[in-house]
1. Taking the C-alpha atoms of the protein assembly as shown, how large are the radius of gyration and the largest Cα-Cα span, Dmax, in Å?
2. How far is helix B:167-182 tilted off the main Cα axis of chain B, in degrees rounded to 10, range 0 to 90?
3. What is the helix-to-structure angle for A:203-216, meaning the angle in degrees between its Cα long axis and the longest Cα principal axis of chain A, kept from 0 to 90 and rounded to the nearest 10?
4. For the range A:212-253 and the range A:85-158, compute the distance between their C-alpha centroids and round to whole Å.
5. For a quick check, take a GNM of chain A with Cα springs below 10 Å and name the residue from A:195, A:242, A:160 with the largest mean-square fluctuation.
6. Helix B:95-105 versus the longest principal axis of chain B: what is the Cα-based angle in degrees, 0 to 90, to the nearest 10?
7. Taking +1 at the Cβ of each Lys and Arg and -1 at the Cβ of each Asp and Glu, which of A:167, A:43, A:135 sits farthest along the dipole of the range A:3-247 towards its positive end, judged by Cα position relative to the Cα centre?
8. With +1 on the Cβ of every Lys and Arg and -1 on the Cβ of every Asp and Glu, and nothing else charged, how large is the dipole of the range B:71-220 about its Cα centre, in debye rounded to the nearest 20?
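Just so it is clear, none of the values below were taken in a lab; they were calculated from the coordinates. Predicted model only: the values in this text are computed from it and were never measured. Methodologically, a virtual Cβ is constructed for each residue, glycine included, from the backbone with ideal geometry; neighbour enumeration extends over all protein chains shown.
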Amino acid sequence: MNFYAIRAIYIFEMMRTWRTLLQSIVAPVMSTSLYFIVFGAAIGSRIASIEGISYGAFIVPGLTMLSLLTQSISNGSFGIFFPKFSGTIYEILSAPISYREIVIGYVGAAASKSIMLAVIILATARLFVAYEIAHPLWMVIFLFLTAVSFSLFGFIIGIWADNFEKLQLTPSLIVTPLTFLGGSFYSIGMLPPFWRNVTMANPIVYLVSGFRWSFFGASDINVGVSLGFTLGFLLLCLTTVWWIFKTGYRLRA
Amino acid sequence: MQPIISISGLGKRYASGFKALTNIDLDIYPGEIFALLGPNGAGKTTMINIVCGIVNPTEGTVVADGHDIRKDYRAARSKIGLVPQELATDAFETVWATVSFSRGLFGKPADPDHIAKTLKALSLWDKKDSKILTLSGGMKRRVMIAKALSHEPKILFLDEPTAGVDVELRRGMWEMVRSLQATGVTVILTTHYIDEAEEMADRIGVINKGELVLVEDKTALMNKFGKKQLTLNLRTRLTSIPAKLADFRLELSADGSELVYAFDPHDDKVGALMKGLNELHIDFTDIRTSQSSLEEIFVSLVRARP
Ligand SMILES: Nc1ncnc2c1ncn2[C@@H]1O[C@H](COP(=O)(O)OP(=O)(O)OP(=O)(O)O)[C@@H](O)[C@H]1O
Ligand SMILES: [Mg+2]
């Protein structure tokens, strides 16, 4: 293992966060606060509680997931897209490092950033609604697994994308709709049967559900299924990354 | 002597189907300065990128300092530094941060003294805390050199290090390359300035259309191909070249005032020509010789092979 290289990449990536502090941390916190003011306080006060949980508290895990997913993807994709775009990737490719080390450095930094962000969002949310965490350890596990798999997913997008449009296309065209329709703001049980079945094809439903379970101890979907889904997605991304490096896809001519 | 880089049977076909390199065999020896010449698109960068691990070869092997660049890439790459042809820098980083990053990336523990020494040697010390985007083009190129030297490589590739660099800086760069050589670093550089290769290189390789058409010791090359030209200013004009001197294949200028003799210094026939002229009582007022430059040699080589 080339630990110095992993550390160099990790620190380099984290430094960028400090340089762009406003964009990386303040903006998401701001938008989450707005969600809580609008959905939690204004609209939420008129919505009856869901499964015995006040609406304001109910949306906390979903909103955190929403930010976690989008931020992981954007951190993961930008981290590797930028060197490709600026040409500095030559140095990564010519360095004595394995693809595992590259992935650990970039994806580790991307996931760290989004986990930090999720923690900040949870703390912010606490200012608006009083929620409890029923299974803190599982909460951390879901947080961690989701951050890592979606940073990895972002990393793949960053390698695949050869222009800025593509870089932004996947998050805004696929991930955001899936997250909104993934039960962040409502319980799947509230949907008519047909739409409930359609929704079950949305992988993000399982993540949100699992995460929500760790807060309230209850969920639409069995927590084991949620965990299985999260691990499956992680495995899929790992396999894709392994294939990318093995074939040199979009990295080595 | 064991070569420090040994390339054999190297070939590259890009995904587009274009064959950029064909069957390259080349040995580079420790401590030498090797200049790779060739017209645009000849395959110089492709070859360097393969050795450095940026491009995958289609066939053949490369061994760097005893390590196969694919099977034993860690050991091989940690010995190599690369300054690529294109300027590519992290615009928002400081000089110090980007050079330190490179050292870490190549698996070396932090060594502020070495980084400081490198930056000083490249006259970048006063810019160490500046963001790269505030530097000039020539400074950016020196930052890239500092990055390549940050991990103390034994082999340094410089892909057109002096493109777009002013005269003074070019000389500085030559000096730097020589001082690196003095510390035992092997330098492989490409350039389109032939005078640079003539000035710097111990050996010269010429690539044309993906094939290595020539590898020679620079001095040997100059001797081998370096035709000399002897020009005589005649006291009295001639109307034609005397038949007795036909063997020398002389050329007479249009106005008949100059005789030009192109010769190979090894043939040792200048004396005979002088004697011949003397016998014919052809007197001259001035005499000058010139030697063809590497540039002419290069152009004739690349032209000769369509
Ligand atoms: N990624 C690529 N895909 C397809 N063809 C490529 C690729 N990279 C280079 N080539 C082609 O391979 C040939 C050799 O390119 P290379 O960059 O090695 O030339 P070079 O000798 O360095 O030229 P220059 O002096 O202009 O830098 C060129 O015809 C180029 O178009
Ligand atoms: Mg080139």
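1. So, for the protein assembly as shown, Rg and Dmax equal 33.4, 123 Å respectively.
2. Helix B:167-182 sits roughly 70 degrees off the main axis of chain B.
3. It is inclined by approximately 60 degrees.
4. Cα centroid of the range A:212-253 versus Cα centroid of the range A:85-158: 13 Å apart.
5. Top of the fluctuation ranking is A:195.
6. So the helix axis and the longest Cα principal axis differ by about 80 degrees.
7. Selected residue: A:167.
8. Values: 22 positive and 22 negative charges, 127 e Å.
Computed about the Cα centre, the dipole is about 620 debye.
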